[in-house]
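The values are calculated or read from the model by the stated rules, or taken from the named source; none is laboratory data. The structure presented is a predicted model; accordingly, all values stated were derived computationally and were not measured. Note: ideal-geometry Cβ built from the backbone for every residue, glycine included; neighbour counts use all protein chains shown.
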Amino acid sequence: MNNIEEYQNLVELLKQALEFYANKDNYFTSKEVSNHPAPSMIQLDGGSQAQFALVKIKEVNDQNQKMLDEYNKLADEADQLESDGETNPIELINVFLQTRDDDNNV
């Protein structure tokens, strides 16, 4: 996740799911015209809103971990260049470009 808007969207999704499960009316069955009980909204949902929200949280965590791993890889490569006595800025730029080409993310 790269920007605050994406985090705001995730928070809004979680808020909506919590509001659904917090609404007591969703736990009660309704009566149809023939007086047969109909399933409650919670029964109809079957946890799908919570499951969807959890999938989105996992996607965010995975994306953040991937960005952290890529950053650490670049930092390690830059440290290696420096420890090898190769502090040439062109070499450092080449490391960044190579990583970008490998990942196609930047």
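Would you confirm, using the coordinates I've provided, whether residue 72 is over 18 Å from residue 11 (Cα atoms) and free of Cβ contacts under 8 Å to residues at least 12 places away in the same chain?
Against the criterion (over 18 Å from residue 11 (Cα atoms) and free of Cβ contacts under 8 Å to residues at least 12 places away in the same chain), residue 72 qualifies.
Does residue 43 count as more than 21 Å from the chain's Cα centre (by Cα) and modelled with pLDDT under 90?
No: the conditions fail for residue 43.
Got at least one residue in segment 58-67 being at pLDDT 80 or above and of a type in the set (Val, Ile, Thr)?
Scanning segment 58-67, I find at least one residue that is at pLDDT 80 or above and of a type in the set (Val, Ile, Thr), so the answer is yes.
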